[in-house]
Every structure is written in structure tokens, then in C-alpha cells.
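Data first, discussion second: the structure below is written as C-alpha cells.
The values are calculated or read from the model by the stated rules, or taken from the named source; none is laboratory data. What you see is a predicted model; the values in this text were computed from it and never measured. Every residue, glycine among them, receives a Cβ derived from its backbone with ideal geometry; neighbour counts consider all protein chains shown.
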Amino acid sequence: MVIKVQEALFDAAEESKALRATSSLTGALVEFTGLVRDVSEGRHVSAMFLEHYPGMTQKMLEKIAVDAIKRWNVFGITIIHRVGRLGPTEPIVYVAVVGEHRKETFEVCEFVMDYLKTDAPFWKKEWNEKDEEAWVAAKSSDSDALGRWDS
């Protein structure tokens, strides 16, 4: 399990290679990279700033990964989340999961992303082309997505 919160850009190919090397039983690798949108709610985004609560953020990401590993039979998870000022189309988050089978490996990646969106203590502020700023509100659709994991 690799959990990182960082300002620096990550190398998804290197992270993938490292994760695949953790088990010779790996039959599936699922990766997700989230990017800064250049348009949000109809407004052009010129920049985004992600704030976080350092100690709490790391612990929450670890908890999400541990919960996923307990629930599914997967071999490894990598979560990297960037913070600081980011520009449009820059990577924000990387989640990778290795497991024996594709179905559960996809499910774990979705589970991790759903909980990252709702439970991880990150706050986003966006700037538009007029240099106006606005905090990004939580979306009810993100909370609604958690319902599928209740069973």
C-alpha cells in the first residue's frame, strides 16, 4: 500500500510499474488519473488550489485503502493526491489497484475514488479567466455514490 499527498507531479508509469512488482499473482491492474477540468459548471477554469489537513488527510487515505483491502481480495493499492496550485488538465489524483481478477480490481478503484471524493479532507478553490475565485462545493451526487457500497 502506497499513500502519498504531495505538491509534485507524479509519474503514473513509474507508480504502475512499482505496484505491479508487488505480486506475481497479479491478473489485473486498474488505474485512474483525475485531472483538473478546464471548464467547471460552465465556467472556464484557469487554476485550482487544493488545500488539505496534512495529518488527517494521510490517515483518511490510509483508512480508505485499508477498508478496500479488507473488503476485497486485492494485492495492492496506490493513492497519490496532489495539493497546491494546479493548472487545467494537470493530474490531481492517481489511484491504482492490483488484484487477481478484473471485476474486484475495478470495484476497488471505484470504491477508493468514491470515498476520496466524500471523506478525504481536501478543499478546492477555482479561479476563472477573470481571476475570480470560488470554493468548490461538495456535490450530492458524490455522497449518493456511496450508497452502492453499503451492502
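Restricting to the stretch 92-112, and then to whatever is aliphatic (A, V, I, L, M) and over 10 Å from residue 73 (Cα atoms), can you tell me which residue is surrounded by the most Cβ atoms within 10 Å (Cβ to Cβ)? Talk me through it step by step, then tell me what you get.
At the first step, the residues of the stretch 92-112 found to be aliphatic (A, V, I, L, M) are 92-93, 95-98, 108, 112.
Pick out the ones that are also over 10 Å from residue 73 (Cα atoms) and you get 92-93, 95-97, 112.
On the way: 92: 18, 93: 20, 95: 25, 96: 25, 97: 29, 112: 25.
Result: 97.
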Legend entry - Counted residues, the stretch 110-144 - those being assigned to a loop (DSSP other than H, G, I, E, B) and under 14 Å from residue 95 (Cβ atoms): 1
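Residue-by-condition table, conditions (1) touching a Pro at 6+ places or on another chain (Cβ under 8 Å); (2) crowded, with 20+ Cβ neighbours inside 10 Å; (3) not β-branched (Val, Ile, Thr):
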position	(1), (2), (3)
25	no, no, yes
39	no, no, no
43	no, no, yes
49	no, no, yes
59	no, no, yes
65	no, yes, yes
68	no, yes, yes
73	no, no, yes
80	no, yes, no
Legend entry - Criterion (β-branched (Val, Ile, Thr) and out of contact with any His (no Cβ under 9 Å at 6 or more places or on another chain)) met by exactly one of 26, 57: 26
Inset, instruction - Could you tell me which of the residues 131, 142 is under 18 Å from the mean Cα position of the chain (by Cα) and touching a residue at least 24 places away in the same chain (Cβ under 8 Å)? - result: 142
Inset, instruction - Please verify whether the stretch 28-48 includes one or more residues that are within 25 Å of residue 102 (Cβ to Cβ), polar (S, T, N, Q) and not in a strand (DSSP E or B). - result: no
Inset, instruction - Exactly one condition in (1) at pLDDT 90 or above; (2) among the small types (Gly, Ala, Ser); (3) in a helix (DSSP H, G or I) is not met by residue 96; state its number. - result: (3)
